[in-house]
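Please treat every number below as a calculation from the coordinates, not as lab data. Predicted model, so just to flag it, every value in this text is computed and none were measured. Here the Cβ positions follow ideal geometry from the backbone for every residue, glycine too, while neighbour counts run over all protein chains shown.
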Amino acid sequence: NAGVTQTPKFQVLKTGQSMTLQCAQDMNHNSMYWYRQDPGMGLRLIYYSASEGTTDKGEVPNGYNVSRLNKREFSLRLESAAPSQTSVYFCASSESPGAGELFFGEGSRLTVL
Amino acid sequence: ELKVEQNPLFLSMQEGKNYTIYCNYSTTSDRLYWYRQDPGKSLESLFVLLSNGAVKQEGRLMASLDTKARLSTLHITAAVHDLSATYFCAVAVYGGSQGNLIFGKGTKLSVKP
């Protein structure tokens, strides 16, 4: 049972390059999330999708875009990467916003030079 | 806006000792989660606390929730090295820019022989 799968696991970009992080879940969850984790900052919400067809900004959305492709997949795009976006990115899913408990992917470690 | 504060942020313990991690939050919420993260790994759900006075125990870890004080504790009994990890509390919110769960900054626990 795969749960939440993220790709790629590691990526190095140059400033100004673009890339997309992919996330897929096989738990039939309605809600999906992208968080970033930085040392000493805990996890901060970038964007979330409460249900298929909807997306909303989180705490730190600037510099990112998302697409809820279908119920299973939620992608995060960096259009013009900046060094400040060097971080570990986690995708997560939950049954619904109200159900709360999040199931996390393994994380994607992104370095922007 | 909901804020979640954990303390201490760093905790070095000796094996066999007891200690408590505290999680305070700023506005009303009806559920609180504790997660564990091993270095370089994803987050694993430990406990879900759903009501005032809720207490959950798993092995050497016990979590409790006081919604009136907006306080949750994670108590460690007779610590062992395998408990070394970072522990996060997360509080549920609904809608707005904060999505689903707001995380504390984490408590990095190191258990030494």
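Listing for the model above:
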item: Table column - 3J(HN,Hα) (Hz), region A:84-90, Karplus curve with 6.51, -1.76, 1.60, x for Gly and Pro; result: 5, 8, 5, 5, 9, 9, 10
item: Calculated log₁₀ intensity ratio I(q)/I(0) where the Debye formula runs over C-alpha points of the protein assembly as shown, q = 0.09, 0.11, 0.13 Å⁻¹; result: -0.36, -0.54, -0.75
item: Farthest toward positive dipole pole in chain A [+1 Lys/Arg, -1 Asp/Glu at C-beta], among A:Ala82, A:Gly40, A:Gly3; result: A:Ala82
item: Distance between region B:1-59 and region B:73-96 - C-alpha centres, whole angstrom; result: 3 Å
item: Chain lengthening between A:Lys14 and A:Glu59 when straightened (0.36 nm per residue, less Cα-Cα); result: 13.7 nm
item: Residue-wise HN-Hα coupling along region A:64-81, computed from phi with Karplus coefficients 6.51, -1.76, 1.60 (Hz; x: Gly, Pro); result: 10, 9, 10, 9, 8, 6, 6, 5, 7, 10, 9, 10, 10, 10, 9, 6, 8, 5
item: Tensor-based shape of chain B (alpha-carbon gyration tensor, a/c under 1.5 rounded, otherwise prolate or oblate); result: prolate
item: Percentage relative contact order, chain A, counting C-alpha pairs under 8 Å, at least six apart; result: 36 percent
item: Qualifying trypsin sites (Lys or Arg not before Pro) for region B:1-61 [loop in DSSP, other Cβ within 10 Å: at most 15]; result: B:Lys3, B:Lys17, B:Lys41, B:Arg60
item: Partner lysines for B:Lys108 [C-alpha distance under 22 Å; skip if fewer than 8 residues away on the same chain]; result: B:Lys3, B:Lys17, B:Lys41, B:Lys56
item: Environment charge at B:Arg31 (Cβ cut-off 14 Å; Lys +1, Arg +1, Asp -1, Glu -1); result: -2
item: Spherically averaged projected area of region A:17-101 from its Cα convex hull (nm²); result: 5.4 nm²
item: Partners for B:Lys68 among aspartates and glutamates (Cα-Cα distance below 17 Å; same-chain residues under 8 apart left out); result: B:Glu5, B:Asp30
